[in-house]
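Below is one structure, written out as structure tokens; the observations come after it.
The values are calculated or read from the model by the stated rules, or taken from the named source; none is laboratory data. In this text, all values refer to a predicted model and were calculated from it rather than measured experimentally. Methodologically, a virtual Cβ is constructed for each residue, glycine included, from the backbone with ideal geometry; neighbour enumeration extends over all protein chains shown.
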């Protein structure tokens with residue numbers, strides 16, 4: 001059975017144009033997840049006090065982007081007041097740029113196979129800008145992940161998954177409820 | 001356990017021996033260089049170490065074009081710009097950095113400015129941002145601890161913004177590292193102890209952090225075994241050539257390991273102790289090492305347990321956590337022993353840290369880049385707890 005499957009996969013891979021098709025699929029996947037992740041920062045910021053506490057000390061107007069090299073999708077976010085705003089797709093004059101080296105590395109993190117700390121450790125992410133501020137951003141990314149992903153996945157991708165209290169479950173519910181409208185609002 | 005992905009890179013040619021400095025002109029020839037800019041500090045000049053380097057050039061067609069001896073403890077953007085201008089004025093074609101981490105960082109910083117053709121080094125901070133090939137650099141360490149001669153990092157202080165900027169790039173590796181026992185002979189016992197414990201921290205964190213991999217494990221193991229054999233000897237008798245060369249090699253091996261595997265919470269806390277209370281880096285690492293290892297036992301007991309064998313402990317019949325505590329105890333014993341000989345403090349309170357500064361240190365530590373590579377998550381409260389234990 002395995003050999004049949006392997007042969008089929010090998011045949012598909014040898015089809016003309018397959019590498020381009022595969023790259024296109026990876027692009028769409030990365031782009032889609034980033035389109036959800038951007039608004040997720042706003043929603044988590046609205047409902048999770050730890051998030052707001054974490055960005056309290058950030059300077060106003062700090063802009064950072066997450067993207068894929070060399071010319072893959074990217075999103076830019078900005079700290080305004082006590083939350084983070086999603087500025088939309090593309091690089092919009094960020095102070096700090098965090099870029100995955102390629103689609104494969106990006107997908108490992110964006111599809112929650114691997115945590116961002118592990119991706120940093122494996123040299124999958126390049127950082128342009130202040131490394132100390134990148135650490136602060138990474139902690140916020142972890143808070144977003146903790147409130148966005150199912151518990152089992154959170155345990156896998158975070159080094160220190162938060163202890164879930166009733167209040168945390170309620171906040172997570174609010175995040176889920178607010179996410180779809182936020183994504184739609186940014187799409188239209 | 002084999003990691004599912006890792007990278008290892010070290011393009012540095014290594015010369016090690018009791019008169020290794022003599023080979024520098026020949027290495028310059030191989031690199032196609034003729035005029036070296038020596039970057040060092042006043043302490044190194046006063047100790048007569050630059051004379052040893054000058055002697056090496058006496059019968060050579062290569063020359064020392066200029067000696068820049070103003071490398072401060074924290075290299076700054078103003079200074080690297082000044083050095084870059086001097087380098088161009090003197091028509092030098094390579095850097096010869098002689099000193100501790102700051103002299104090497106100063107040379108690396110000036111090298112970035114010259115090669116990238118900019119006077120705004122701030123725009124290049126981050127990892128792998130430097131795109132242009134740097135000029136050749138030969139590194140001669142005069143302490144055995146930082147491992148800067150084989151690392152891809154430079155830390156430069158930004159005077160205008162009052163922050164330390166970190167530059168990480170494969171292009172920052174020196175081309176040649178020269179380990180000469182004579183260059184570390186004059187280091188006093190306390191500094192020998194602190195830098196030796198710094199090297200031990202590099203090796204132990206490289207062996208236990210997230211980027212741990214089979215190649216760097218080999219370097220880390222070799223470093224720990226050399227430190228076990230030579231650190232006490234070097235602290236007891238600074239003129240012991242074999243011990244000095246052994247420690248220089250240990251520092252280099254640990255440097256290769258941590259430049260690839262990176263370091264974790266102990267370094268993050270030590271950097272913060274330096275930033276907030278000006279505790280020397282090696283001293284802070286020495287004090288925090290056993291406490292950091294103890295904290296990480298909850299996540300990686302096996303790796304910490306394995307370290308005990310390298311430090312000379314028994315590795316039989318114990319549970320992992322129990323064996324890991326043996327490692328912590330062996331590190332404490334080593335620290336205690338070098339402390340008794342040299343006067344190196346073993347508590348933060350004896351190193352100039354006051355209790356009211358601990359929250360500020362914890363706060364700075366959790367934003368340190370090294371914290372990302374620690375195998376166990378460290379929150380502000382947990383960092384503060386570790387600092388209180390070390391206090």
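Filter the stretch B:131-141 down to the residues that are surrounded by 24 or more Cβ atoms within 10 Å (Cβ to Cβ) and either modelled with pLDDT under 95 or touching a strand residue (DSSP E or B) at 6+ places or on another chain (Cβ under 6 Å) (or both) and list them by number. Correct list: B:137, B:138, B:139, B:140. In summary, residue B:40 fulfils each of the numbered conditions (1) over 22 Å from residue B:184 (Cβ atoms); (2) within 18 Å of the chain's Cα centre (by Cα); (3) modelled with pLDDT of 95 or more with the single exception of condition (1). The set of residues in the stretch A:135-156 being more than 12 Å from the chain's Cα centre (by Cα) and more than 11 Å from chain B (Cβ to nearest Cβ) consists of A:147, A:150, A:151, A:152, A:153, A:154, A:155, A:156.
Scanning the stretch B:308-334 for residues that are touching a residue at least 40 places away in the same chain (Cβ under 8 Å), within 19 Å of residue B:390 (Cβ to Cβ) and touching a helix residue (DSSP H, G or I) at 6+ places or on another chain (Cβ under 6 Å) yields a count of 2. Consider the stretch B:85-102 and keep the residues that are more than 13 Å from residue B:153 (Cα to Cα) and under 24 Å from the mean Cα position of the chain (by Cα). The one that is surrounded by the fewest Cβ atoms within 10 Å (Cβ to Cβ) is B:94.
Looking at B:360, B:383, B:370, just one residue is within 14 Å of chain A (Cβ to nearest Cβ), within 30 Å of residue A:141 (Cα to Cα) and at pLDDT 95 or above, and that residue is B:383. Look through A:113, A:140 and report the one residue that is at pLDDT 90 or above and either under 16 Å from residue B:127 (Cα atoms) or surrounded by fewer than 19 Cβ atoms within 10 Å (Cβ to Cβ) (or both). Going through A:113, A:140 in turn, the sole match is A:113. For the stretch B:261-286, the set of residues classified as surrounded by fewer than 24 Cβ atoms within 10 Å (Cβ to Cβ), more than 12 Å from the chain's Cα centre (by Cα) and in a helix (DSSP H, G or I) consists of B:274, B:275, B:276, B:277, listed by residue number. Taking the stretch A:120-134 as the range and being surrounded by fewer than 21 Cβ atoms within 10 Å (Cβ to Cβ) and more than 7 Å from chain B (Cβ to nearest Cβ) as the test, only A:133 passes. Report whether or not residue A:159 is under 30 Å from residue B:269 (Cβ atoms), in contact with a helix residue (DSSP H, G or I) (Cβ under 8 Å, 6 or more places away or on another chain) and assigned to a loop (DSSP other than H, G, I, E, B). Yes, satisfied. Taking the stretch B:100-130 as the search range and keeping residues that are in contact with a helix residue (DSSP H, G or I) (Cβ under 8 Å, 6 or more places away or on another chain), within 14 Å of residue B:77 (Cβ to Cβ) and in a loop (DSSP other than H, G, I, E, B), which one is modelled with the highest pLDDT? Filtering first and then ranking leaves B:118.
Here the stretch B:159-187 is the region considered, the condition is being in a loop (DSSP other than H, G, I, E, B) and touching a residue at least 60 places away in the same chain (Cβ under 8 Å), and the residue that is surrounded by the fewest Cβ atoms within 10 Å (Cβ to Cβ) is B:160.
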